[in-house]
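Student: Have a look at this one before I ask anything.
The values are calculated or read from the model by the stated rules, or taken from the named source; none is laboratory data. Small disclaimer: the values here were computed from a predicted structure and weren't measured. Counting neighbours? That spans all protein chains shown, and the Cβs are built from the backbone with ideal geometry, glycine included. Only protein heavy atoms, including side chains, enter the accessible area calculation; ligands, DNA and RNA are left aside. Shrake-Rupley method; radii C 1.70, N 1.55, O 1.52, S 1.80 Å.
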Amino acid sequence: MTTDTGSRRIGFIGAGALGSGLALALHRKGYTVRAVSSLTRQSAEILAGSITGCNAVDSPQEVADTCDTVFITTPDSVIELVAASVTWRAGQQVVHCCGASGKELLKGAADQGAETGAFHPFQTFAGITGPDQAVDRLTGVTFAISAGAGLADFLTALAKELGGRAVTVEDDNRALYHAAAILSCGYLVSLLQTALSTLEDSGFTQEGALEAVLAISRSTLDNVELLGPAASVTGPLVRGDAGTVRKHLEALQQSNPPVAALYGALTEVSLPNARQRGMDAGGEAAIRETLAEAGFHHTLGKR
Ligand SMILES: NC(=O)c1ccc[n+]([C@@H]2O[C@H](COP(=O)([O-])OP(=O)(O)OC[C@H]3O[C@@H](n4cnc5c(N)ncnc54)[C@H](OP(=O)(O)O)[C@@H]3O)[C@@H](O)[C@H]2O)c1
């Protein structure tokens with residue numbers, strides 16, 4: 001616990017998945033979570049009821065009036081509106097947890113002299129059934145911070161208290177940073193879903209497809225962790241096998257053209273890894289030619 005962990009009064013506006021989990025996690029680490037408001041009184045009361053000394057209040061203003069550090073954990077679309085609707089004190093700390101945006105969402109608070117910042121966990125809270133699970137999901141994750149020096153120090157300490165890592169991601173880089181979060185989570189799901197439906201198109205049952213895809217995906221994630229991404233690449237690319245790539249593209253173009261386009265784009269971005277794994281220049285040229293014949297003229301994969 002850092003020296004001022006317990007003395008600073010922390011409040012939450014928005015008692016949803018992340019707000020509830022973060023509030024509970026901070027309380028368990030010895031922070032003073034003093035007040036919470038939400039769109040509905042019920043959400044605020046449920047969260048306040050699980051934290052000793054925390055009051056459910058009726059408005060964001062009451063949170064601001066009774067706390068030193070306020071987390072706005074509403075949906076992204078209303079953060080700016082909420083921040084601008086409150087009267088803040090100079091020196092007060094106001095933080096949101098949106099990934100794609102930075103301090104600009106809190107301009108309404110900064111204009112009144114508050115210190116503002118963004119604190120985004122690189123984690124998903126989909127599928128959780130309550131704040132306890134959210135607390136578990138917050139453990140050991142990476143937090144992307146954008147804030148002025150004093151607030152950044154506080155948020156960095158907080159990330160460490162939660163067993164995680166703090167990384168500075170400046171406001172201009174946050175859209176790119178958050179795109180990576182979506183690629184790691186939501187679009188990973190889309191990719192797995194695409195593999196599942198493609199297997200079903202090839203004759204698998206739904207259940208059989210899920211078993212097959214989960215087994216190979218888990219092994220692949222383990223490989224990436226143990227060996228790194230380049231060493232985990234397998235399949236026709238590593239061998240420079242343009243003939244097999246052509247067969248895949250032709251079959252996908254017949255069964256599901258958007259998936260063929262996805263396959264083509266992924267083939268291109270995979271070429272640098274395949275080169276590291278031993279694909280020679282001739283193999284790469286043959287695969288690029290196959291992609292061009294299939295109508296792919298992207299600039300992807302040329303980094
Ligand atoms: N979910 C994730 O996986 C995840 C991951 C990383 C970061 N985040 C970030 O965390 C933040 C919160 O996301 P979430 O997933 O926790 O959302 P959520 O589960 O939908 O919760 C949002 C909460 O905000 C409350 N709310 C809505 N409009 C409000 C308003 N105008 N004033 C006050 N409270 C309001 C809702 O109240 P009621 O319950 O009373 O209706 C709800 O409790 C977002 O910035 C999001 O980008 C989320």
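Student: Using a 7 Å offset from the Cα along the Cα-to-Cβ direction at both Thr142 and Arg218, what is the distance between the two label points in nm, to one decimal?
Tutor: Once both label points are built, they end up 2.5 nm from each other.
Student: Starting from the Cα of Lys160, draw a straight line to each of the aspartates and glutamates and keep only those under 18 Å, dropping any in the same chain fewer than 8 residues away.
Tutor: Partners within reach: Asp4, Asp136.
Student: Want the number for Arg239 to Ser197: 0.36 nm per residue separation, take away the alpha-carbon distance, what's left?
Tutor: Stretched fully, the Arg239-Ser197 segment lengthens by 12.5 nm.
Student: Another question, then. About the Cα centre of the chain, what is the dipole size in debye to 20, counting +1 per Lys and Arg Cβ and -1 per Asp and Glu Cβ, all else neutral?
Tutor: 440 debye
Student: Just from its helices, what would the mean residue ellipticity at 222 nm be for the chain, if runs of 4 or more DSSP H residues each count -39500 (n - 2.57) and the sum is divided by every residue, rounded to the nearest 500 deg cm²/dmol?
Tutor: Result for the chain: -16500 deg cm²/dmol, rounded to the nearest 500.
Student: Still on this structure: Tell me the carbon and sulfur percent of the accessible area for the chain, rounded to whole percent, probe radius 1.4 Å.
Tutor: Carbon-and-sulfur percentage of accessible area, whole number: 56.
Student: Roughly speaking, what is the stretch gain from Glu211 to Ala179, that is 0.36 nm per residue apart minus the C-alpha to C-alpha distance, in nm to one decimal?
Tutor: 8.6 nm
Student: Compute the Cα gyration tensor for the stretch 186-293, then decide on rounded, prolate or oblate, letting a ≥ b ≥ c be the square roots of its eigenvalues: rounded whenever a/c is under 1.5, prolate when a/b is larger than b/c in the other cases, and oblate in all that remain.
Tutor: It is oblate, given that a/c is not under 1.5 and a/b is not larger than b/c.
Student: Turning to a different aspect of this structure: Return the whole-Å distance between the Cα centroid of the stretch 75-152 and the Cα centroid of the stretch 238-287.
Tutor: 41 Å
Student: So with the 1.4 Å probe, I'd like the accessible area per residue for the chain, rounded to whole Å².
Tutor: That works out to 51 Å² for each residue.
Student: Now, a different point. Say we join alpha carbon atoms closer than 10 Å with springs in a Gaussian network model of the chain; which of Ser101, Ser43, Ser270 then has the biggest fluctuation?
Tutor: Ser270
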